[in-house]
1. Which residue, of Gly271, Gly230, is assigned by TED's automatic domain parsing to the domain that holds Ala193, in contact with a helix residue (DSSP H, G or I) (Cβ under 8 Å, 6 or more places away or on another chain), part of a loop (DSSP other than H, G, I, E, B) and modelled with pLDDT of 90 or more?
2. Any idea which residue in the stretch 206-230 is farthest from Met281 (Cα to Cα), counting only those that are within 20 Å of the chain's Cα centre (by Cα) and aliphatic (A, V, I, L, M)?
3. Inside the stretch 91-115, can you point out the residues that are over 14 Å from Arg176 (Cβ atoms) and assigned to a helix (DSSP H, G or I)?
4. Somewhere in the stretch 208-223, is a residue at positive phi, at pLDDT 90 or above and part of a loop (DSSP other than H, G, I, E, B)?
5. Do we have Leu255 as closer than 13 Å to Pro194 by Cα, touching a residue at least 12 places away in the same chain (Cβ under 8 Å) and out of contact with any His (no Cβ under 7 Å at 6 or more places or on another chain) here?
6. I'm told Ala202 meets every condition in (1) touching a helix residue (DSSP H, G or I) at 6+ places or on another chain (Cβ under 9 Å); (2) surrounded by fewer than 22 Cβ atoms within 10 Å (Cβ to Cβ); (3) under 24 Å from Ala251 (Cα atoms) except one. Can you identify the failing condition by its number?
7. If Ile182 satisfies every condition in (1) at pLDDT 90 or above; (2) more than 29 Å from the chain's Cα centre (by Cα); (3) exposed (fewer than 15 other Cβ atoms within 10 Å of the Cβ) but one, which is the exception?
Amino acid sequence: MKGSPHTAALLARATLSSETPPHTVAGGKLGGRMAQLKTLPVVLAALSLAALCSFGRAQAPQDNSSAHLKVTPVPDAVPPMPFPPGSETPGPVAPVEYRSAGEMTRKDLDLEADAESSIAEHAARIGLQFNHGAWSYRQLVCPALPNHLFLRFLRNGGAGDVSVFTASIPRNSEGRVRIIPIRLRSYSLFSPAPINALTISAFNHIRAEEHPAKPPDWLGTGLCYAALAGAHPQVANLVDDPESQKFLTAAPAKLEIPVQGGAIVSFTDAGAAPKPMEWTMTFDRKGRLLKAAHLPVGQLAVHPVPPSAGEPKGAPWPPAVDVDSPGGAVK
């Protein structure tokens, strides 16, 4: 155990004093013993001081280590979102564009021609009889799903004989041709296309094949789903779409983020006939569509109230009596 220089000096002095020959102290041997007894407290004090110094140095690193503790704040938990965080308020969204065959690009026309046999095969499996009758088509341009070519096919055989389906063709050769049935001879095949499990399944596969370079826009994704399911969605404030400006009083589109994660997308198709339709789509944490709802918007009837209707009718109420006032004063 090592002490300070001052402590070492004290020990040296004590040692010299204890080694002094008896003849140097008056009284001979007895005097020498008395001198030794007198130096003993000094030795003990020096040893105690050295022990305290060593203990202090041993404790110093522990005290310094506590002063350098690193505190890392834990961020607030954010529920998993299939769409970019902070995008709850929709910005300008491009509408779904509809193009006739004459307006399509040569590249898209060639892509349709190459996929026609596959389209006929898939349509025949669900009884759409693609090889019978005169079918026409037009392109659906969905900005939210740019890596697919979408075509809506129509065969109009007159009243009660209208068949419609949407075909999806991947542009990058990743995936396959998919069919979304909408109407078969004026009837839905199973359940209405907007809520049909086949529509939801095909939509999820299409999105999985997209491999987007950036996170998708939630309102654009919802509009594209509605278009693939047979609608022609018109939502207010869509860029480059003068028709949408007619519906500025429609309920705004909304994105809700549940506590457990996922997303709920809702918007009003104000251009639907005979009345506006409310679309609601529920996505899980990974962006898979779980369910969709498509219901008419409830219209609130407003009737003017005539001025006389606000006047009370019948016998007047009796005057109120204040039971707490002396004599029961009448109010």
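The values are calculated or read from the model by the stated rules, or taken from the named source; none is laboratory data. Fair warning: this is a prediction, and the values are worked out from it, not measured in the lab. Methodologically, a virtual Cβ is constructed for each residue, glycine included, from the backbone with ideal geometry; neighbour enumeration extends over all protein chains shown.
1. None of the other options fit; the residue is Gly230.
2. Ala213
3. Matches in the stretch 91-115: Ala101, Gly102, Glu103, Arg106, Lys107, Asp108, Leu109, Asp110, Glu112, Ala113.
4. Checked the stretch 208-223: no residue is at positive phi, at pLDDT 90 or above and part of a loop (DSSP other than H, G, I, E, B).
5. No, not satisfied.
6. Of everything listed in (1) touching a helix residue (DSSP H, G or I) at 6+ places or on another chain (Cβ under 9 Å); (2) surrounded by fewer than 22 Cβ atoms within 10 Å (Cβ to Cβ); (3) under 24 Å from Ala251 (Cα atoms), Ala202 misses just condition (3).
7. If we test Ile182 against (1) at pLDDT 90 or above; (2) more than 29 Å from the chain's Cα centre (by Cα); (3) exposed (fewer than 15 other Cβ atoms within 10 Å of the Cβ), just (3) comes out false.
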